[in-house]
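**Student:** The following block contains the structure, expressed as structure tokens.
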């Protein structure tokens, strides 16, 4: 069981770290990056699987240090909060430009619509890249304390 926990932990770190690095590049270049979102979602899923495996290990009597548990579980909270901020970021962009709803953006000229959509995508990407960086650091710390 410990070997599986270590393997899944490495996968968590690999996917989340790759998402952070690729996301920084994608944010800098500002394209839409499907690869970033796939890496991030796989990393998030792996973190949940890792937490479940860690919980099973705890129930079996193999107690991990307290810091390992904290560093291993906080990435789930970081991911959840980041998703909420990502959702709110679209509304923040609309509010900053004086739009009451997304329907008003649909009334703009196509070029202006693209600018608004690009700004929203860029903001969402930035939020999730920062979350991926924080989650990667926490996962490294979890590995160091495990």
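The values are calculated or read from the model by the stated rules, or taken from the named source; none is laboratory data. Bear in mind the structure is a predicted one, so any value in this text is a computation, not a measurement. Don't worry about glycine lacking a Cβ; one is built from the backbone with ideal geometry, like all the others, and counts go over all protein chains shown.
**Student:** State yes or no: is residue 36 without any contact (Cβ under 8 Å) to a residue 12 or more places away in the chain and within 17 Å of residue 127 (Cβ to Cβ)?
**Tutor:** For residue 36, the condition - without any contact (Cβ under 8 Å) to a residue 12 or more places away in the chain and within 17 Å of residue 127 (Cβ to Cβ) - is not met.
**Student:** Follow-up. State all residues of segment 84-114 that are touching a residue at least 24 places away in the same chain (Cβ under 8 Å) and within 30 Å of residue 12 (Cα to Cα); if no residue qualifies, say none.
**Tutor:** Across segment 84-114, the qualifying residues are 85, 86, 89, 90.
**Student:** Can you name the number of the only condition in (1) touching a helix residue (DSSP H, G or I) at 6+ places or on another chain (Cβ under 9 Å); (2) touching a residue at least 40 places away in the same chain (Cβ under 8 Å); (3) farther than 22 Å from residue 137 by Cα that residue 72 fails?
**Tutor:** Unmet for residue 72, out of (1) touching a helix residue (DSSP H, G or I) at 6+ places or on another chain (Cβ under 9 Å); (2) touching a residue at least 40 places away in the same chain (Cβ under 8 Å); (3) farther than 22 Å from residue 137 by Cα: (3).
**Student:** Okay, next question. Name the residues in segment 69-80 that are surrounded by 13 or more Cβ atoms within 10 Å (Cβ to Cβ) and either modelled with pLDDT of 95 or more or touching a strand residue (DSSP E or B) at 6+ places or on another chain (Cβ under 6 Å) (or both), would you?
**Tutor:** Answer for segment 69-80, where residues must be surrounded by 13 or more Cβ atoms within 10 Å (Cβ to Cβ) and either modelled with pLDDT of 95 or more or touching a strand residue (DSSP E or B) at 6+ places or on another chain (Cβ under 6 Å) (or both): 74, 75, 76, 78, 79.
**Student:** Would you check which residues across segment 42-68 are surrounded by 13 or more Cβ atoms within 10 Å (Cβ to Cβ) and under 19 Å from the mean Cα position of the chain (by Cα) and list them?
**Tutor:** 42, 43, 44, 45, 46, 47, 48, 49, 50, 51
**Student:** From the list 129, 116, which one is surrounded by 13 or more Cβ atoms within 10 Å (Cβ to Cβ) and either modelled with pLDDT of 90 or more or touching a strand residue (DSSP E or B) at 6+ places or on another chain (Cβ under 9 Å) (or both)?
**Tutor:** 129
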